[in-house]
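K.L.:
Can you keep this structure in mind? I'll have questions shortly.
The values are calculated or read from the model by the stated rules, or taken from the named source; none is laboratory data. Everything numeric here is computed off the predicted structure, so don't read it as measured data. Cβ placement follows ideal geometry from the backbone for every residue including glycine, while neighbour counts extend to all protein chains displayed. Only protein heavy atoms, including side chains, enter the accessible area calculation; ligands, DNA and RNA are left aside. Shrake-Rupley method; radii C 1.70, N 1.55, O 1.52, S 1.80 Å.
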Amino acid sequence: MATSLLRRTSIIHNARRFKFPSSWCLSELLTQHFPIDNAVNENAIHRVSKGVSFYSQVASGGGLPSSMRGAVFWEKGKPLSIEEFHIPRPKAGEVLVKTKACGVCHSDLHVIKDEIPFSSPCVLGHEITGEVVEHGPLTDNKTKERLPVGSRVVGSFIMPCGNCSYCSKGHDDLCEQFFAYNRAKGTLYDGETRLFLRSSGKPVYMYCMGGLAEYCVVLANALAVLPNLLPYTESAILGCAVFTAYGAMTHAAKVRPGDSVAVIGTGGVGSSCLQIARAFGAFEIIAVDIQDDKLDQAKTFGATHTVNAAREDPVGKIMEITGGKGVDVAVEALGKPQTFSQCTQSVKDGGKAVMIGLTQAGAVGQIEINRLVRRKIKIIGSYGGRARQDLPKLVRLAETGVFNLSNTVSRRYNFEEVDKAFADLNQGKIVGRAVIEIR
């Protein structure tokens, strides 16, 4: 008994030291490893709960509240609900951000519709801006100097670890830890979530940083400083819509001045591709969609030609515009087998077909093999940009007005309307990009 009590005391001390998120976690630990007197367990849990409360009050000079709200996805067919959470706590190399805005993206919608498998319950949202409020313990001074408490920041959805074989070569978009832990398990890179329900202490998974919450934990490598000139709401899209487009046009397509470019699908990501193609000096920029309102807006983003695929054959029309040759670069931003095929058929000999649209798990695209081989057609997948090198560049493009943020964001929702925002996205009611304000 004495030995068990001593070991219990050690657990309680470490729970306070490392900030266990709730009494529920400790209850599970004590019950599993020391199943003796329930009264002893309850006393221990009470003492740790007091310790947790104490740490919540003293962190960052006592400036953090003890709880926050977050939007939880439970299962397909069930609406998102706003729940109370313990304030998440960052670990080494991580930053706690007070979320100001979060974009509404089809990637989240794919999870909601169970088209892409992901752990649940979870907090979605991966396109955020906010304010730095705390650094994790043992975070290096260089990071603290780059992102001091109080900094305005924007976060990329790909959160590079900075240490794996890909990150060490500058290929942040292929970070092994991001895919092995966050995408596969819904955690950060120690295999643990930072989100715990206040009512029960039960863990909730994180889609990227879990940005649809009042606070979120983000890897420092995924953050860039946001100048005062750029507003929180419109700038949120830099972390996914613009970030994805920039990665496709820069690293995959390598667009050059004078190139001809076709973009199939002109939503948030597709319209960003149009703006970047224009910024890079593309000569012919062809926007393809099935909604006239999106095509009208595409002209303001740099499209020199528009094609309504509901009324015209997009491949035939692209060939007509380019004198029968096809484009140097075609980008597929929808994630459909039909548009995958159209994208590959739209490029000229030696051209690049770049795929950036996600789709239902297991979907397959088809291509004529002989043309692929004989005419040197290049098919390239692109998931996003490279956070450490690209995100600061995107901030500068927006700051100098080369990239127009305000025209790209077409709808704004408050936090309580999060479920409506995704319903509108699913019904095709959003032209461009929508953003949820969480101030």
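K.L.:
Here is a list: ARG439, ARG386. Which entry is at pLDDT 95 or above, in contact with a helix residue (DSSP H, G or I) (Cβ under 8 Å, 6 or more places away or on another chain) and among the basic types (Lys, Arg)?
P.N.:
ARG386
K.L.:
Inside the stretch 132-158, can you point out the residues that are within 13 Å of LYS100 (Cα to Cα) and within 17 Å of the chain's Cα centre (by Cα)?
P.N.:
Selection gives VAL153, VAL154, GLY155.
K.L.:
So VAL123 ticks every box in (1) under 24 Å from LYS78 (Cα atoms); (2) open to solvent by 10 Å² or more (accessible area, probe 1.4 Å); (3) of a type outside the set (Asp, Glu) but one. Which box is left unticked?
P.N.:
It fails just one condition, (2).
Here's the yes/no breakdown for (1) modelled with pLDDT under 95; (2) β-branched (Val, Ile, Thr); (3) closer than 20 Å to ILE87 by Cβ; (4) in a helix (DSSP H, G or I):
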site	(1), (2), (3), (4)
VAL149	no, yes, yes, no
CYS161	no, no, no, no
ASP173	no, no, no, yes
ALA180	no, no, no, yes
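K.L.:
Then there is this: Output the residues belonging to the stretch 141-156 that are under 17 Å from ALA224 (Cβ atoms) and either open to solvent by 10 Å² or more (accessible area, probe 1.4 Å) or of a type in the set (S, T, N, Q) (or both).
P.N.:
Listed by number, the residues that qualify are LYS142, THR143, LYS144, GLU145, ARG146, PRO148, VAL149, GLY150, SER151, ARG152, SER156.
K.L.:
Farther than 20 Å from GLY428 by Cα and not aliphatic (A, V, I, L, M): is that true of GLY265 in this structure?
P.N.:
So GLY265 does not fit the description; no.
K.L.:
Continuing with this model, one more query. Kindly list the number of the only condition in (1) modelled with pLDDT of 95 or more; (2) surrounded by 16 or more Cβ atoms within 10 Å (Cβ to Cβ); (3) polar (S, T, N, Q); (4) within 23 Å of ALA71 (Cα to Cα) that fails for SER410.
P.N.:
Result: SER410 passes all but (1).
K.L.:
Which is open to solvent by 10 Å² or more (accessible area, probe 1.4 Å) and touching a Phe, Trp or Tyr at 6+ places or on another chain (Cβ under 9 Å), of GLY316, GLY267, GLY258, GLY281?
P.N.:
Unique residue meeting the criteria: GLY258.
K.L.:
Additional query: Taking the stretch 159-182 only, how many residues are charged (D, E, K, R), in contact (Cβ under 8 Å) with a residue 12 or more places away in the chain and open to solvent by 20 Å² or more (accessible area, probe 1.4 Å)?
P.N.:
2
K.L.:
Let me ask something else about it. Determine, yes or no, whether LEU372 is open to solvent by 50 Å² or more (accessible area, probe 1.4 Å), in contact (Cβ under 8 Å) with a residue 12 or more places away in the chain, of a type in the set (A, V, I, L, M) and farther than 18 Å from ALA333 by Cβ.
P.N.:
On the way: open to solvent by 50 Å² or more (accessible area, probe 1.4 Å): yes; in contact (Cβ under 8 Å) with a residue 12 or more places away in the chain: yes; of a type in the set (A, V, I, L, M): yes; farther than 18 Å from ALA333 by Cβ: yes.
In short, yes.
K.L.:
Looking at LEU226, LEU295, which is the one that is open to solvent by less than 10 Å² (accessible area, probe 1.4 Å), over 24 Å from the mean Cα position of the chain (by Cα) and either in contact (Cβ under 8 Å) with a residue 24 or more places away in the chain or within 29 Å of PHE85 (Cβ to Cβ) (or both)?
P.N.:
LEU295
K.L.:
Here is a follow-up. Would you mention how many residues in the stretch 188-220 are open to solvent by 10 Å² or more (accessible area, probe 1.4 Å) and closer than 25 Å to VAL149 by Cβ?
P.N.:
Residues flagged as open to solvent by 10 Å² or more (accessible area, probe 1.4 Å) and closer than 25 Å to VAL149 by Cβ within the stretch 188-220 amount to 10.
K.L.:
Now a separate question. Given the conditions (1) touching a Pro at 6+ places or on another chain (Cβ under 8 Å); (2) closer than 24 Å to PHE283 by Cα, report the number of the one that ASP419 does not fulfil.
P.N.:
Evaluating ASP419 over (1) touching a Pro at 6+ places or on another chain (Cβ under 8 Å); (2) closer than 24 Å to PHE283 by Cα leaves (2) as the failure.
K.L.:
Sticking with this structure for a sec: Restricting attention to the stretch 319-363, and to residues there that are in contact with a strand residue (DSSP E or B) (Cβ under 8 Å, 6 or more places away or on another chain) and in a helix (DSSP H, G or I), which single residue is surrounded by the fewest Cβ atoms within 10 Å (Cβ to Cβ)?
P.N.:
ILE321
K.L.:
For GLN366, state whether it is under 30 Å from the mean Cα position of the chain (by Cα) and open to solvent by 60 Å² or more (accessible area, probe 1.4 Å).
P.N.:
yes
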